[in-house]
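Here's the structure, in structure tokens; my notes come after.
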Amino acid sequence: MEGSSSHGSGSAEADGIQRDIATRRNRIMRMIQRTIDTDDSSNGSEDNNNGQMEEEIAEQEYETADSSPVPAVVDPALELELFEDYIRERESAGTEIYNTELPTEHAYLGKLERVEGVDYLEPGKTYRLPIYSHHSIVYPGEIVPLMLGRANLYNGGSDDDSSDGLKFGLVFEDQYTSKGRVYGVTCQVYERGDEGESALLKTIAQQRFFIVRQSQERRVEVKILPEIVLPDPLISSCSNAMARYAYSQQKDRLNSFKRMLAQTSVWPKFVYDQYGTDEVLAKVKRYLSSVKITSVPTDPIKLSFWLARNIPLTEENRTMIFCTDSVLRRMLIINKALDHMWYFICKRCDNEIANYNDIFAMSKQGVQTSYCNPSGYVHDTLTVLKTKENSTNTVDRLSTEFSWFPGYSWQITVCANCRQHLGWKFVATKKNFLPKSFYGLSGTNITVKSHGDLKNSRPEGRPTSAPTTSSATANSTAAGPADDYYSSSSDDDFSWY
């Protein structure tokens with residue numbers, strides 16, 4: 001009997017503790033909800049007061065009805081844990097993940113008309129195309145927004161005057177040449193509109209080429225480059241029937257099959273692996289997981305260009321990838337690049353700006369996308385969640401005008417060391433947007449270095465953010481980013497070749 005009595009007393013006390021915890025949690029929830037409601041709507045203060053009175057009455061009735069014995073004190077740590085759980089519930093319920101489709105629409109250009117048709121040119125053949133000069137590499141598959149001279153553009157169409165939309169070329173003469181060649185990429189217009197003397201265009205880059213014969217005319221002769229996809233070095237030695245069998249198997253069985261084939265060849269399997277894509281694809285998978293990208297092209301050609309755009313690469317490697325016709329060679333270059341830990345640095349002073357693991361995709365196209373400013377200058381913009389502490393400063397006020405990311409305002413960002421324009425800080429205009437803020441770094445003014453190169457190149461005793469410019473220089477460059485964002489650079493960067 002005594003045991004039964006003590007068990008009943010313990011059960012009642014446990015029930016009382018649970019009721020007390022629930023009461024305190026409900027009270028905290030109501031207090032927070034009152035604060036939120038007061039902030040969201042100042043006009044409904046009278047209704048809120050009535051609601052608060054009703055809640056207090058209900059609370060008093062609940063506490064009066066509860067006559068069970070409860071402990072006088074509840075563990076503060078438990079109460080804090082309940083409070084934090086509630087805050088997390090509120091945040092997860094009220095947040096809105098940003099739609100990465102929006103930046104790809106380039107809505108800041110206004111309403112444009114759709115242009116139907118896609119015209120691919122035959123590799124190895126020569127064509128005459130109108131050419132514009134561009135300041136950075138554009139890979140096939142990229143969407144490039146442009147503002148070009150309307151009269152020159154529409155008068156410089158293709159020779160056959162086809163109705164499937166306008167096609168022209170972008171060339172990278174100033175910075176990217178190989179063996180004396182001038183390389184470029186064809187661009188197909190899929191949306192266009194007019195604004196004054198400018199033509200507003202949304203284009204997609206399609207095929208690589210090099211200029212066969214240079215000319216001062218608007219149209220020049222270009223040769224379309226091929227895209228060479230080599231077969232697997234081991235399976236290509238098999239008969240067609242065996243190759244079909246191999247590719248129809250699961251990945252583990254395919255590897256076993258390739259090991260068996262290697263035993264019949266002169267070289268061991270690891271030699272063939274150096275000329276395959278299995279290793280680089282495994283590294284790419286880990287990289288994409290770290291930057292939370294889930295959708296990538298599956299076609300080998302498109303994937304090689306997409307990776308060249310979305311992983312940290314030196315300008316030399318970017319050039320090599322663009323100029324080579326072999327997809328396998330591109331993947332091998334990317335494979336070596338993924339072995340390094342990269343930093344993004346200011347091109348002018350080598351100040352460390354961001355780590356590679358801070359990059360993320362705000363656009364469905366990837367982590368680095370082209371956007372056009374009001375003056376027609378195209379910025380290759382890399383999105384990062386944050387910059388290194390004390391590496392950047394923001395200038396001027398936040399603005400939503402011509403924002404590349406709908407729902408975000410922008411603010412110019414400069415290097416804290418040399419005042420070079422680096423990009424923009426974007427801040428959400430809605431409280432429940434995620435991310436709440438991020439940075440867009442302009443590819444024109446940043447570059448990459450590996451961790452080892454960065455340590456070796458830094459002078460001893462000099463901090464990364466040590467000022468190296470005089471006050472006069474700093475003052476003169478402080479206005480640079482604003483001028484850069486709105487300056488009319490289109491004549492230099494988009495001119496007839």
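The values are calculated or read from the model by the stated rules, or taken from the named source; none is laboratory data. The structure displayed is predicted, hence computed values, not measured ones. Here Cβ is always computed from backbone atoms with ideal geometry, including for glycine, and neighbour counts include all displayed protein chains. Accessible surface areas use protein heavy atoms only, side chains included; no ligands, DNA or RNA. Shrake-Rupley method; radii C 1.70, N 1.55, O 1.52, S 1.80 Å.
Remarks
- Identity of the residue in the range 421-439, open to solvent by 30 Å² or more (accessible area, probe 1.4 Å) and more than 15 Å from the chain's Cα centre (by Cα), that ends up nearest to Asn351 (Cα to Cα): Val427
- Hey, Tyr287 under 15 Å from Asn335 (Cβ atoms) and open to solvent by 30 Å² or more (accessible area, probe 1.4 Å) or not: no
- Among all residues of the range 289-305, there is none that is in contact with a Cys (Cβ under 8 Å, 6 or more places away or on another chain), modelled with pLDDT under 85 and over 24 Å from Thr444 (Cβ atoms).
- Val327 falls short on exactly one of the conditions (1) at pLDDT 90 or above; (2) in contact with a Pro (Cβ under 6 Å, 6 or more places away or on another chain); (3) open to solvent by 20 Å² or more (accessible area, probe 1.4 Å), and that condition is (3).
- Beta carbons closer than 8 Å, at least 6 apart along the sequence or on distinct chains, pair a first residue in the range 338-358 that is aliphatic (A, V, I, L, M) with a second that is assigned to a helix (DSSP H, G or I) for Leu338/Val280; Leu338/Lys283; Leu338/Val284; Leu338/Tyr287; Met341/Tyr356; Met341/His451; Ile345/Leu454.
- With respect to being within 29 Å of Gln214 (Cβ to Cβ), at pLDDT 65 or above, assigned to a strand (DSSP E or B) and of a type in the set (Phe, Trp, Tyr), Tyr183 fits the description.
- The set of residues in the range 376-401 that are without any contact (Cβ under 8 Å) to a residue 40 or more places away in the chain and part of a strand (DSSP E or B) comprises Asn393, Thr394, Arg397, Leu398, Ser399.
- Residue within the range 314-321 that is under 25 Å from Val171 (Cβ atoms), touching a Phe, Trp or Tyr at 6+ places or on another chain (Cβ under 9 Å), acidic (Asp, Glu) and open to solvent by less than 80 Å² (accessible area, probe 1.4 Å) present: yes
- Taking the criterion of being acidic (Asp, Glu) and within 11 Å of Val327 (Cα to Cα), the only residue of the range 272-307 that qualifies is Asp299.
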